[in-house]
Amino acid sequence: MRSCDSAVHAWYRFVLSYPPHLVQDYIKKFGINYTHKVLDPFCGTGTTVVECKKLGIESVGIEANSMAWFAASVKLDWAVNPDKLLSNAMQIVEKANHVIANERTLLTLPAESQKVLLKNSISPLPLHKTLVLLEQIQNLADNSCLNHLLLALASSVITNVSNLKFRPEVCVSKKLKDDAPVVEAWFSLVNVMVEDLRKLQICHSTPAIVQNADSRNISKSLMANSVDAVITSPPYPNEKDYTR
């Protein structure tokens, strides 16, 4: 992804997602403009719909995976006050750091939750810090900021805190992180969000939505003849259960 295209897209990215400039190229090639509506029936984390919104083009996405749908939906929400988001995050940083400095017992996930994680995908101390930060977000976040703060945590855990690597299959690094700057990585991404929101709020009114639905039943989600163009990447051939 080009640095000039990173705004919003960098909040949370799927490792195999296509670059924003590809959407720009298709929009230009096919003469798509503000009078049209674009559909992405396999929306993922929202590259198509985010880029359309940046360009003032109405769009709709459909995504069956709940995490990808959440990420794409947050990336389309540019109405949150950036100053409130920053001040709320600073409050959470102060409280989380205090708890981490004084807590002697490491927090961990319930046994059932541990079962779904790859072995050694996150080390005990970074996991503890992540759970402390999550608790403070849940306790202190303003409702208007909550989803952005949670998405920043999900993204920073994957990229900066965990032991995961993508090649493009998910695997665990041979060198495990005994510790990681959990709060700092999260706050850094929140700052990225704040700066992006300050730049892009002037065009936040462009209609854009992602529906948490199955595109195989698209008639339940969209009216006939309601879109003018489709820009998408179909599910990958090694994927079996498209509704996960």
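The values are calculated or read from the model by the stated rules, or taken from the named source; none is laboratory data. The model shown is predicted, which means the values in this text are computed figures rather than measured ones. Cβ coordinates were reconstructed from backbone atoms using ideal geometry, including for glycine residues, and neighbour counts include every protein chain displayed.
Could you please let me know if LEU125 is at pLDDT 95 or above, over 19 Å from the mean Cα position of the chain (by Cα) and not polar (S, T, N, Q)?
yes
For region 92-116, name all the residues that are part of a helix (DSSP H, G or I), surrounded by 12 or more Cβ atoms within 10 Å (Cβ to Cβ) and either touching a residue at least 40 places away in the same chain (Cβ under 8 Å) or aliphatic (A, V, I, L, M) (or both).
ILE92, VAL93, LYS95, ALA96, ASN97, VAL99, ILE100
Among the helices (runs of 4 or more DSSP H) contained in region 1-91, which hold 3 or more residues that are touching a residue at least 60 places away in the same chain (Cβ under 8 Å), acidic (Asp, Glu) and under 18 Å from ILE209 (Cα atoms)?
Where helices (runs of 4 or more DSSP H) fall fully within region 1-91, none carries at least 3 residues being touching a residue at least 60 places away in the same chain (Cβ under 8 Å), acidic (Asp, Glu) and under 18 Å from ILE209 (Cα atoms).
Failed condition for LEU222, given (1) in contact with a strand residue (DSSP E or B) (Cβ under 9 Å, 6 or more places away or on another chain); (2) not in a loop (DSSP other than H, G, I, E, B), with all others met?
(2)
Give region 128-162 a look and list any residue that's among the aliphatic types (A, V, I, L, M) and modelled with pLDDT under 95, or say none.
Hit for region 128-162 is ILE158, nothing else.
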